[in-house]
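Worksheet for the structure shown next.
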Amino acid sequence: MNVERHWEKIYREKAQDAVSWYRPHLETSLALIEKAAPDRGVSIIDVGGGESTLVDDLLIAGYKNTTILDISQTAINVIKRRLGSTSAGIHWIAADILSCELAPNAYDVWHDRAVFHFLTTVEQRVSYVRNVAHTVKPGGHVLVSTFGTEGPTKCSGLEVVRYDTRSLHAEFGVRFRLLDSIKELHRTPFGTMQQFLYCLCRVE
C-alpha cells in the first residue's frame with residue numbers, strides 16, 4: 001500500500017469534521033505543550049498535523065515558531081486556507097516522517113497526535129524514534145498521543161498498535177525521561193468513544 005496515496009484519498013474525500021480523530025480543539029495537547037514550554041519563542045513541530053486546529057490555538061496562545069509536517073499536501077492546503085494570511089508565519093513540510101530528513105537539534109517541542117500508533121513494524125518505529133532523537137534539542141520535549149489499550153484496533157482502514165504508558169515509553173528508551181501521561185476519552189463526530197494516551201517526555 002502506498003501510504004501517501006491512502007492519506008491523500010482520506011483528506012480529499014472526507015470533510016475535516018468527518019474523520020474519527022477530529023476535535024474542534026486539542027485541549028490536552030495544548031495544555032501539555034504550555035506546561036512543557038511556557039516560553040512562546042520555542043520551536044514546535046506538529047507531526048501529522050493533518051487538518052488539526054492545534055496550529056490555530058498555538059498562534060492564539062502566542063507561539064511564534066511552529067512547523068506543520070504531514071504526508072498529505074491536501075491536508076496542509078486545508079490549514080493554509082483556513083489560516084489565510086497568517087499561514088505565512090508557519091513552516092510547512094509535506095513529507096513522510098519515516099523518510100524525510102529534518103534538521104538536527106531544530107525543535108524544542110515535538111507533538112504527534114495519532115501518527116505513532118499507525119507504525120505497526122519495529123523498523124518503522126525505530127526510524128521514527130531516530131528522527132525524534134536527531135531533531136529535538138537536548139532538554140526539549142516530546143509529546144506523543146496514541147490509542148490506549150482500550151482504543152480501536154483499526155483506524156481509517158489501517159491496523160494500529162495500542163499502548164499503555166509503559167509500553168509507549170519503552171519504544172523511545174531511557175534517553176527520553178517520562179514526565180507525565182494522561183488518558184483521554186475522545187468522543188468522535190459519530191458519537192462513539194475512543195481512548196487516547198498522551199505521554200510527555202524530556203530528551204536527556
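Readers should treat all values here as calculations from the given coordinates under stated rules, not as data from a laboratory. As the structure is a computational prediction, the values presented were derived from the model and not from experiment. Positions of Cβ are backbone-derived with ideal geometry, glycine not excepted, and every protein chain shown enters the neighbour counts.
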| remark: Filtering the stretch 81-128 for residues that are surrounded by fewer than 19 Cβ atoms within 10 Å (Cβ to Cβ), aliphatic (A, V, I, L, M) and touching a Phe, Trp or Tyr at 6+ places or on another chain (Cβ under 8 Å) leaves a count of 1
| field | Among (1) under 24 Å from Ile71 (Cβ atoms); (2) surrounded by fewer than 16 Cβ atoms within 10 Å (Cβ to Cβ); (3) touching a strand residue (DSSP E or B) at 6+ places or on another chain (Cβ under 9 Å), the one test that Phe176 misses | value | (2)
| said: Restricting to the stretch 171-194, name every residue that is under 17 Å from the mean Cα position of the chain (by Cα), within 16 Å of Ser156 (Cα to Cα) and either among the charged types (D, E, K, R) or not in a strand (DSSP E or B) (or both). | reply: none
| Elements of type strands (runs of 3 or more DSSP E) in the stretch 76-158, at least 2 residues being of a type in the set (Val, Ile, Thr) | 136-147
| task | Pull up the stretch 129-141, narrow it to residues that are crowded, with 20+ Cβ neighbours inside 10 Å and of a type in the set (A, V, I, L, M), then point me to the one that is nearest to Arg40 (Cα to Cα). | result | Val136
| message | Out of everything in the stretch 1-39 that is in a helix (DSSP H, G or I) and of a type in the set (Lys, Arg), what residue ends up being nearest to the chain's Cα centre (by Cα)? | response | Lys35
